[in-house]
Amino acid sequence: MKKFFFLFLTLCLSLSAQKPHEAYIQQFSQTAIEEMYRSGIPASITLAQGLLESDAGRSYLSTQGNNHFGIKCHRDWKGESVFYDDDKKGECFRKYKHAEESYRDHSDFIRYRDRYKFLFDYDIKDYRSWAAGLKKAGYATDPAYATKLIRLIENYNLMRFDSMKPEGKSAAKLRKEDKREGKGEELSIPESPLKLEEAEIMNDAQGEFTFSLQRPIYTKNRVPFVYAQEGETYESIAEDFNLFRAEIYRFNDVKPGLREPLPGEVVYVQAKRKATARGLDKYVVNSPDESLWAISQRYGITMASLMKRNGLNENYFLTEGDVLKLR
């Protein structure tokens, strides 16, 4: 009889523990699916992280600040804050008006930091690789973090959401963005940021540019460029491509006489664009050694648009963690 009572009590406790988790999944599954189509992070991973880090919506940060992922204030945060003892006493955490804002911030935190970008090369349904990759990239210090995520995903069958599509107004908004990008009416998950950044060799089929040189010409953000060779200057490259000297300097946001391209450096032979493609909306600075110019060259966008979009001038010194809008 005692054994039966103990088993019954264990079952009751297990069921009561499941209820908050199931309620949380029901409340936020659609948000996780929407974020999957906006950012490329599997819905199962997002939900598992939310369950784990917010204690199914019962943690202090989630109840007091709608912060479900423990994201700290950082330098770029201009919203309200909530303070909580974490690694240090009274640390500053972001406070959101709605939990959905926390989900969006979490997606951006992962997609736009270089150390996490390799994750997006995994299949959207490969939650095990995603969980292990997050741990490998240093998302959490808990050595069992990946195991805990996988257990939550499999215990609550969260992988089913990785095959679903968003509904309602969010679906219409995403479909509109896809159509603007020339992807048609069908909803699509954004490509890997590394894939979007990858330089592509230009061929005749692209047809937009006509350069009749033997050296390879590449495109980035649909802007043609070459890799500088030993001993080349901006003016020698301009001459090779029948460009005016003023054009080559303008295309690369360089002032005459201040510097020459280093071997292997990108040199654009046509004007850069004002914004990046969808899926490369932001860039998070990794080091104070980076510059606005280097970032504009990396993404094929003009310095003028980069500065205007972020309210900066060319003398601004970047700090690790700065978030720059690219579109």
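Which entries of Lys125/Lys195; Lys97/Lys195; Lys136/Lys165; Lys19/Lys165; Lys125/Lys173 show an alpha-carbon separation above 27 angstrom in the structure shown?
Beyond 27 Å between Cα atoms: Lys97/Lys195; Lys136/Lys165.
Whenever you get a sec, compute what percent of the accessible area on segment 191-327 sits on carbon and sulfur atoms (1.4 Å probe).
Numbers: 3820 of 7600 Å².
Carbon-and-sulfur percentage of accessible area, whole number: 50.
Ignoring ligands, DNA and RNA, what percent of the accessible area of segment 119-171 is carbon or sulfur (1.4 Å)? Numbers along the way, then the final one.
Details: 1430 of 2920 Å².
Here it works out to 49 percent.
For the pairs Lys272/Lys325; Lys117/Lys220; Lys88/Lys135; Lys78/Lys272, flag any whose C-alpha to C-alpha distance is greater than 20 Å.
Violating the 20 Å limit, Cα to Cα: Lys88/Lys135; Lys78/Lys272.
How far apart, in nm, are the 7 Å Cα→Cβ label points at Glu239 and Thr319?
4.6
For the chain, place one equal point scatterer on every Cα, skip the solvent, and apply the Debye formula. What is log10 of I(q)/I(0) at q = 0.14 Å⁻¹?
So the normalised log intensities work out to -1.16.
GNM on the chain, C-alpha springs below 10 Å: top fluctuator among Lys125, Lys173, Lys135?
So, out of Lys125, Lys173, Lys135, the one fluctuating most is Lys173.
Evaluate the distance, in nm, between pseudo-label points positioned 7 Å from the Cα of Asp289 and of Glu230 along their respective Cα→Cβ axes.
2.4
In nm, give the distance between the simple-model label positions of Lys308 and Ala172, each being 7 Å from the Cα along the Cα-to-Cβ direction.
3.1
How many Å² of accessible area per residue for segment 263-327, probe 1.4 Å? Don't jump to the answer; show the numbers that get you there.
Numbers: 2990 Å² over 65 residues.
Per residue, segment 263-327 has 46 Å² of solvent-accessible surface.
Could you work out how much longer the chain between Arg160 and Arg250 gets when fully extended? Use 0.36 nm per residue separation minus the Cα distance between them, nm to one decimal. List each step's numbers first, then the result.
Details: separation 90, 0.36 × 90 = 32.40 nm, distance 5.04 nm.
Answer, rounded to one decimal: 27.4 nm.
With charges set only on the Cβ (+1 for Lys and Arg, -1 for Asp and Glu), what does the dipole of the chain come to about its Cα centre, in debye to the nearest 20? Present the calculation step by step, with values, prior to reporting the outcome.
Details: 51 positive and 49 negative charges, 257 e Å.
For this selection, approximately 1240 debye.
The values are calculated or read from the model by the stated rules, or taken from the named source; none is laboratory data. Being a predicted model, the structure only gives us computed values, none of them experimental. Note that each Cβ is placed from the backbone with ideal geometry, even for glycine, and that neighbours are counted across all protein chains shown. SASA here: full protein model, heavy atoms, side chains in, ligands and nucleic acids out. Shrake-Rupley method; radii C 1.70, N 1.55, O 1.52, S 1.80 Å.
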